[in-house]
1. So the check is Cβ under 6 Å with 6+ separation or different chains; which pairs have a first residue in region 152-174 that's without any contact (Cβ under 8 Å) to a residue 24 or more places away in the chain and a second one that's assigned to a strand (DSSP E or B) and surrounded by fewer than 16 Cβ atoms within 10 Å (Cβ to Cβ)?
2. I'm trying to understand the selection: among the residues of region 91-120, which are within 23 Å of residue 145 (Cβ to Cβ) and modelled with pLDDT under 95?
3. Can you tell me which residue is surrounded by the most Cβ atoms within 10 Å (Cβ to Cβ) among those in region 3-16 that are touching a helix residue (DSSP H, G or I) at 6+ places or on another chain (Cβ under 8 Å) and assigned to a helix (DSSP H, G or I)?
4. Do we have residue 43 as more than 20 Å from residue 130 (Cα to Cα), at pLDDT 95 or above and over 19 Å from the mean Cα position of the chain (by Cα) here?
5. Which fully enclosed helices (runs of 4 or more DSSP H) of region 29-148 have 3 or more residues being touching a strand residue (DSSP E or B) at 6+ places or on another chain (Cβ under 6 Å) and under 19 Å from residue 168 (Cβ atoms)?
6. Just to check your reading of the model, which residue among 132, 102, 69 is within 23 Å of residue 31 (Cβ to Cβ) and either under 16 Å from the mean Cα position of the chain (by Cα) or free of Cβ contacts under 8 Å to residues at least 12 places away in the same chain (or both)?
7. With 19, 61, 73 as the choices, which residue is at pLDDT 95 or above and loosely packed, with under 12 Cβ neighbours inside 10 Å?
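The values are calculated or read from the model by the stated rules, or taken from the named source; none is laboratory data. Everything numeric here is computed off the predicted structure, so don't read it as measured data. So basically every Cβ, Gly included, is an ideal-geometry build from the backbone, and we count neighbours across all protein chains shown.
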């Protein structure tokens, strides 16, 4: 299945700026069979992880995180760009391959001791997911059990920024 997934994804050169090879997951989302099989594959991988809640990173992490939370029977939390969440939030700034940004999470997003899985569509340089890891680990008494991705761009070495956090990706691009 992973080889067929690679074929349905497309690379958009020079987006959002010159030199970036954007990995577009839209064709996968448009095809109900590919999307369903992707979620079922992630569910199978994480079915024994006793996940309490999935933290989806804006914005494509919301899509996979919500569907996977439904499949696993657990909750989901949104990690968003600044000024998108109501109420009190924690914020973490980070660098990405084409600039800087920040993430926010509501201060009541987790209950103590929950088992949390991070999810996003692509692991590139690791800046975004590293910021999500930092914001969770520095503000919440939870067990961050890992991070999972649809796609990992191996040469960018994003997993190195995640220290000892277990990383899973369905597709690896060499």
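1. Pairs that qualify, where the first residue is without any contact (Cβ under 8 Å) to a residue 24 or more places away in the chain and the partner is assigned to a strand (DSSP E or B) and surrounded by fewer than 16 Cβ atoms within 10 Å (Cβ to Cβ), are 154/172.
2. Selection gives 94 alone.
3. Only one residue fits best here, namely 5.
4. no
5. Of the helices (runs of 4 or more DSSP H) lying wholly inside region 29-148, those with at least 3 residues that are touching a strand residue (DSSP E or B) at 6+ places or on another chain (Cβ under 6 Å) and under 19 Å from residue 168 (Cβ atoms) span 60-72, 127-139.
6. After applying the criteria, what remains is 69.
7. 73
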